[in-house]
Every structure is written in C-alpha cells, then in structure tokens.
Amino acid sequence: MKHLLGLNGVSKDEITQILADAFEMKKLLQKEKKKSDLLSGKSIITLFFENSTRTRLSFELASKYLGATAANIAASGSSVAKGETTIDTAKTIDHMAADVIVIRHSSSGAPHMLTNYTDAAIVNAGDGMHEHPTQALLDLMTMEEKKGSLVGLKVAIVGDVKHSRVARSNIYGLHTMGAEVVLAGPSTLMPAEIEALGVKAYYDVEKAIEGADVVMGLRIQLERQKKGLFPTVREYHKYFGINKERMKLAKPDAILMHPGPVNRGVELSADIVDGEQSVICEQVTNGVCVRMAVLNLLAGNQPLVKID
C-alpha cells in the first residue's frame, strides 16, 4: 500500500502482513540495544494538530529505533499558528524530501486530502471522528498475542462509540479478520444505523460483555457532557462503566483493553485498570511495534516476514 489512511478496505492479507512484521519488530524492541538500520537514510515527519502522548511518542520512537531521521511538528509551535494552511504545511514538508508524513488532525478526511499534495507516504494518526488505523492494528496485535487468533473472538466495545475513531477502525479490522464485534453505550453516544456495519449494538452494557473474549473501554470525552449527551460522570460509570463485577460476565480468561488515556472511575473502575485481566500496558508496547512495521512498509522496504 502507498498510504495507511484507515482500515476500511484494507485486505486481510495486508493486515496479516503488518501484524506479522509487528511481531518481528517486537523482537528488536526486547533487545538491550534497540537499533536497526532498516530506515537509515529515510525521513519521517510527525505532524500533529491535536494533543497526543502515546501515538506521537510511539511514532517518534519507532522511527528512531529503525534508524530514520525523525522530526515532529506541533501545530501550536509551527506556522499553522500564523495562519498557514494544512496543505501549505504539507507542501513545505514535501519539499524537504520527507519520505513519510504521519498526521493527526481534528478534521475527518485531512490525511486523505494531503495525498493530493505530497509524494510522501501518509499515515493517518487519527482524523476527527473518522479512523485511527494504527491504534486498531495495535489492538489486533494485542488480541492475537493474548488469544492466539482473531477468528471467532467476541469483542465488546463500550463507551462513546459515536465520536470514536478508534471504534470505527477496530470494527473494520476485526470484521476483516473474522471476529465478532458488539457495542454498548448510551443511546446519545451510539451512531444511528451502526448495525449496518455488521455489529450488534446494546444499551445494556452487561448484555454486551456477557461471554466476551475481549472487553474494550473507550475514553469518554468529557466535553460531550456539556452538550447534554450524558448527565453526569457518576451516572455514566454507574450504568456503563466497566468494573470487576461486570468483567465476571465475560469469559474467565477475557482481557481488558483501553486505547488510553483512561479516565479512572469513569470508563473503568480504578481496581481493574491495573488488574490481572488488563493488557493496557501491553497495548502501549505493541503500539511501537505496529508503527515500526507500518513505517518500514510504507518507506518502501520489503516485508520482514513472508506470508504464504
């Protein structure tokens, strides 16, 4: 693929290749000397118009672990703050011979638009309420690592589905890989006609979690409360928060996931965030591995693992 703009339309073979390479990259990450020359001579630019800790840092580290020249541009500290358009910023970066541009933007479709104005490969690091493909890929990697296979898994995604680009990318990716997806959340935070994507939607969190192999909480965007989409944080946690009792409804070996950052006591009770079923920290590690694999492939290198 030339770009990674979303998982909608990405094939099973392509996802399988990225995950296989990500597991190979993890071997490098586990070494004392985390250094490779796979991207030596390549330049990776991260262009973030929204705040980020995990995504931005993992892309930067992924670039450096693979030997690339890496630079970050934050909108607040760039000419964007002076009125420069996103397109002109991308053109400027392109003329500095960037090989890959990683962009996060509040507007859905911004990464797609940039593909018309640069020869660099574009990676979508989250665009509006649209998609966040590398987050979903690291989630898939974590599920496969813990469960052995994605085929037939029941994955319950709970929370603000309506505004979640993470949920959308996971739905696309999980369906492609043969998993079942069920959703739960308040009616005001559930998209209309979401079941057209082949998922089941519940307004009862316990029904969604029952028998699940994977339970994933989504971050509640607290600014939505000001718009009257849910009454109070306490009410949300009472009816839709994931806690130890609700996790008992899932399979005994179910894993707990969250894309982060976690609002403790809102999406997840504090005791389960760090509990035995939680794989939230593993997700962070796998995020670096997935982004290493994606950057390596989009920079034009051959896959690390041969997929039959």
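Brief remarks on what is shown
- Average Cα contact separation per residue, the chain, under 8 Å, 6 or more apart, as relative contact order %: 21 percent
- Region 229-303-region 128-187 distance, computed between alpha-carbon centres (Å): 11 Å
- Once both labels are positioned 7 Å from their Cα atoms along Cα-to-Cβ, the gap between residue 12 and residue 227 label points is 3.7 nm.
- By definition, a body whose alpha carbon gyration tensor gives a ≥ b ≥ c is prolate when a/c is 1.5 or more and a/b is larger than b/c, and region 52-184 fits this prolate description.
- For region 102-119, backbone phi angles converted through the Karplus equation (6.51, -1.76, 1.60; θ = phi - 60°) give residue-by-residue couplings of 9, 10, 10, 8, 6, 9, 4, x, 4, x, 4, 4, 5, 4, 7, 10, 8, 8 Hz, Gly and Pro being listed as x.
- Antiparallel bridges, percent of DSSP beta bridges restricted to region 50-186 (to nearest 5): 10 percent
- Amide H partners (placed H, <5 Å) of residue 220, local residues excluded: 263, 267
- For residue 73, the residues 5 or more places off, or on other chains, whose built amide H falls under 5 Å of its own are 46, 47, 48.
- Relative contact order for region 1-96, counting Cα pairs under 8 Å that sit 6 or more residues apart, in percent: 24 percent
- Packing-based ranking, highest mean first, of 185-194, 38-47 given that Cβ atoms within 10 Å are counted: 38-47, 185-194
- Model label zone, residue 37; criterion: amide N under 12 Å from point 7 Å along Cα-to-beta-carbon; scope region 47-68: 67
- Cα-based values for region 174-262, radius of gyration first and Dmax second, are 13.4, 38 Å.
- DSSP H segments from the chain that extend 20 Å or more along their own axis, Cα-based, with Kyte-Doolittle mean of 1.0 or above: 280-298
- Long-range amide H partners of residue 278 with built H, under 5 Å: 256
- With viscosity 1.567 mPa s and temperature 4 °C, the Kirkwood radius over alpha carbon pairs of the chain converts through Stokes-Einstein to a diffusion coefficient of 65 µm²/s.
- Selection of GluC sites (Glu not before Pro), region 243-308, meeting DSSP coil and at most 13 other Cβ within 10 Å: 276
- Gyration tensor verdict on region 104-250 (Cα atoms; rounded if a/c is under 1.5, prolate if a/b is larger than b/c, oblate otherwise): oblate
Here, each number is a calculation from the coordinates, and none is a lab measurement. Every value quoted in this text rests on a predicted model; they were computed, and no experiment measured them. Note that we place each Cβ from the backbone using ideal geometry, even for glycine, and neighbour counts take in every protein chain shown.
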